[in-house]
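Take a look at the structure set out below.
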Amino acid sequence: MNIGVVIGEAKPTEVTAQSIRPLSVGEYVIVDSQNGKLLGLVERSIVSSDALTDIRNFDEAMESKEVAELNTRDKNYKVKIGILGFLDKLQKGQAIVPAVPPLPGTSILEATQQDLGMIFAPRSKEWIRIGSLLRNSEIEAKININRIVSRHIGILAMTGMGKSNLVSLIAKQVSSLQGTLIIFDYHNDYTNLSVPKISVTDAKINPRLLQADKLAEVIELRENADKQQRVLRESFTASVRQAKDFWTALEEGVSAFGHTTKGYADSASRVLDKIDDAKHRFSDILDPDCGDPVDLIKEGRVNVLSVAELSERQANVGLSYYLQELLNDRKDSYWAKKGRKLSRNTTKFSSPLFVIIEEAHVFIPKGEHTDTKYWASKVAREGRKFGIGLGIVSQRPRNIDPNVLSQMGSLAIMKIVQDDDQQQIASAAESLSKDLLTQLSSLNIGDAVLVGQWVNLPSIVHVDEVKGKAIGSDLDAVAEWSESTKYKEIAAESTQGLIQKDLLMD
Amino acid sequence: MRNTVYLDALKKREETLSILKGQRFEQIVQEAKSNWIEYTPQRQDSVIAGIDSSYNSTKFQGLELWVVAAVSIKSDGTIITELHNQGLGTPNPELAAQASKMEIDACAASVDKADLVTIDGSLYSQFLTRQASLIALLTATVKKKNNVVFISKTSVTKNEFGKFGSLAGDIFYYNHAVQRPGFSKIFVDKDLGPGKVISSVYARLRDSTPLIKIELLGSDHDESEIRSLLDRLYKNSVSGYPYALKLAHNNCKISYSDLARLVSLYGLGNEIGSREVLE
């Protein structure tokens, strides 16, 4: 169906058209050019009224409104269409933009399911359904799971816009493919995720396996407490690491260092206090007898590692440890497959892994060094070769390290209002046009702009809601207060009945 | 240069603004007030056609590329008729006469298709500047259904207040006299001779909107007819001006960019001297 005509100046990558009806931003259309059908994306849609232009006062506006309603030619529907490539080539996965622009006068046609289906919902196994196109809702939207694992993803949105839902959806799909997914869950958002054979555990830190400076971080020694840092470093010997009772051996080592080294008695005493404090406060997390924490991760399953009980510094140590170990394991596995002799006898994971880090701006911050950032960056660079994919999730893209963000080959961007955030995303995602960027603030819950290698074309989709999820949802404070008051009343009434009146009078 | 102009303007300010005050001004405004009939128009459904014409030309090295167009259009955007002519060389008849003829032709095509036909401009200019054959055609067309009026936003005629020594056109004094909707008493001008009698009123359709001048052919018009006319104009007017006339103006306006396109279509863009004219 002819819905418009190319007008004005046309370029190979964009045209302006006059349309018969207002077209939605994000809607796909066919530009029926002289060289073949081109797929276009409506990037800007402008509706104007001849009568309601240059209005000087309210009365004039009301009068003009009346005549505008009467005049069938009054409305002007103008759209800017970005040309994505030849339709037939796109259906084969190739984006080829025409060398010659479509001629003014070229018809704009409605895109049919047949036109778009092969592009946005290929049938091969690696393409998984994520939702439907926002403006062409009859068309399924799929993502390429292979590209996620090999080229990484970033999921960026304001709070409450559907980040956890998208992560859950990916988790479900990965689970159905018997893939290995590890989610570092900072807010216990995924513990109730309804996925078969899900493994939910608290992330643990085995202090025996840490370097001395990392142990210092975990027990929360101040960074500039040089003498305390030295006490711990000198005391954290190989024999302490291997001691049956780790904490006692460490405390004895610290105590002995304090006694034998002049001027360090006070510092050793403070370190002992810190160790004692850590032992009691973080007994669930710091476990010298847990073996290798990476053993908690089960291959072929969705693994939710809760880091909610950890402080930011501890979580940082934990995450960096996991990332380091996972990358090294994948490297060993890769080289083993290539026939190279390994330093370790066995590898834990024989197939690719996908790791998701929630609250990425905390662990991979801009302008600040963290170990997680170092290892995340390394995974982003080397993961493709060794089969470890990284997904970073954040509501504050402007605070994420730009180098790491730019290595995310694919992005799902949901509603983002802050200009700083939008600019950071724009610089990280080359395929996100300015016009699409301006749409980010007008997206609704569950709507996402998908760009990068996991989709054949940039697209605006409505992500399917994961049914039965109990994740990331806001509290119903009013209902809870009401319940709480009710229980108080019940308690008061029931107690009142037990008190004898005559006793009160006495 | 400009500074001296400004300084001179300051010196002459009092003298220049005397048109807006003083005894004579007050006297004429008072006269205008006494002539004014207050009337708030009522909405009345009616099919109104607006007619306007436009012409433009560009000259270079003895050549003239000219275009004339006229249109009749209803308030709902339906075009009744579109007429145009164009050429290279000296236009014959002259462009204004061609435009006038097209307006009359458009009027002829519209009188049976609209309840009221409004033509942008003045009947005076039609009578004073056109050939006799055109005038005859015009009067015949207007009389066919007696549903044609001429409407203008500006007017320079001093028919009513010239006798008081007015400096500005009559419309200026009516504008200062009243802000309420209504119309002036019908002024019948028989000076142009038999068959060319013009009845005119100044009217305001809504509070504080600019005045329009309405001219009708003949002398047999009364105030109730004017009231009915204002009722019909009122419904589809914006800021006190009939919307059909605005549409007609926008539709037939020939701008310099239109001429530039024609220059390109004729392949005259590369002629020496053509570009400067169009810029």
Evaluation of A:Ser24 against (1) of a type outside the set (Asp, Glu); (2) within 14 Å of chain B (Cβ to nearest Cβ); (3) outside any strand (DSSP E or B) (one fails), failing number: (2)
Taking the stated definitions as given, is B:Val68 of a type in the set (Val, Ile, Thr), more than 14 Å from chain A (Cβ to nearest Cβ) and surrounded by fewer than 23 Cβ atoms within 10 Å (Cβ to Cβ)? no
Those strands (runs of 3 or more DSSP E) lying entirely in the stretch B:157-266 with at least 2 residues more than 14 Å from chain A (Cβ to nearest Cβ), surrounded by fewer than 19 Cβ atoms within 10 Å (Cβ to Cβ) and in contact (Cβ under 8 Å) with a residue 24 or more places away in the chain: B:187-189
State all residues of the stretch A:376-400 that are of a type outside the set (S, T, N, Q) and more than 17 Å from A:Leu323 (Cα to Cα); if no residue qualifies, say none. A:Arg396, A:Pro397, A:Arg398, A:Ile400
One residue is enough: does the stretch A:36-45 have a residue meeting the conditions over 37 Å from the mean Cα position of the chain (by Cα), within 20 Å of A:Ile119 (Cα to Cα) and either more than 14 Å from chain B (Cβ to nearest Cβ) or part of a helix (DSSP H, G or I) (or both)? yes
Given the options B:Tyr174, B:Tyr202, name the one that is modelled with pLDDT of 95 or more and not small (Gly, Ala, Ser). B:Tyr202
Quick one: B:Leu83 ticks every box in (1) more than 14 Å from every other protein chain (Cβ to nearest Cβ); (2) in contact (Cβ under 8 Å) with a residue 24 or more places away in the chain bar one, so which box is it? (2)
Determine whether A:Ala238 is over 19 Å from A:Glu252 (Cα atoms) and hydrophobic (A, V, I, L, M, F, W, C). no
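Taking the options A:Gly452, A:Gly387, A:Gly383, name whichever one is touching a Gly at 6+ places or on another chain (Cβ under 9 Å) and assigned by TED's automatic domain parsing to the domain that holds A:Arg330.
Answer to the check: A:Gly383.
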Is it fair to say A:Val195 is crowded, with 19+ Cβ neighbours inside 10 Å and outside the structural domain of A:Ile364 (by TED's automatic domain parsing)? no
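Here are A:Ile183, A:Ile139, A:Ile153: which of them is within 19 Å of A:Asn316 (Cα to Cα), touching a Gly at 6+ places or on another chain (Cβ under 9 Å) and buried (at least 17 other Cβ atoms within 10 Å of the Cβ)?
Numbers: A:Ile139 fails: within 19 Å of A:Asn316 (Cα to Cα); A:Ile153 fails: within 19 Å of A:Asn316 (Cα to Cα).
After applying the criteria, what remains is A:Ile183.
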Residue count, the stretch A:21-39, condition crowded, with 19+ Cβ neighbours inside 10 Å and not acidic (Asp, Glu), comes to 10
Show the residue pairs meeting these rules: Cβ distance below 9 Å; 6+ apart or different chains; first residue within the stretch A:150-163 and within 12 Å of A:Val355 (Cα to Cα); second residue at pLDDT below 85. A:Gly154/A:Ile425; A:Gly154/A:Ala428; A:Gly154/A:Ala429
Residues to consider are A:Thr485, A:Thr495; find the one that is of a type in the set (Val, Ile, Thr), exposed (fewer than 10 other Cβ atoms within 10 Å of the Cβ) and either at pLDDT 75 or above or over 30 Å from A:Leu90 (Cα atoms) (or both). A:Thr495
Taking the stretch B:2-53 and keeping residues of a type in the set (Asp, Glu), assigned to a helix (DSSP H, G or I) and in contact (Cβ under 8 Å) with a residue 12 or more places away in the chain leaves B:Glu31
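For every residue, the table says whether it meets (1) over 29 Å from the mean Cα position of the chain (by Cα); (2) within 20 Å of A:Asp284 (Cβ to Cβ).
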site	(1), (2)
A:Arg147	no, no
A:Arg151	no, no
A:Gly160	no, no
A:Val174	no, no
A:Phe184	no, yes
A:Thr191	no, yes
A:Val195	no, no
A:Glu223	yes, no
A:Leu232	yes, no
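The values are calculated or read from the model by the stated rules, or taken from the named source; none is laboratory data. Only a predicted model underlies this, so the values are computations on that prediction, with no experimental measurement involved. As a convention, Cβ positions derive from the backbone with ideal geometry for all residues, glycine included, and neighbour counts pool all protein chains shown.
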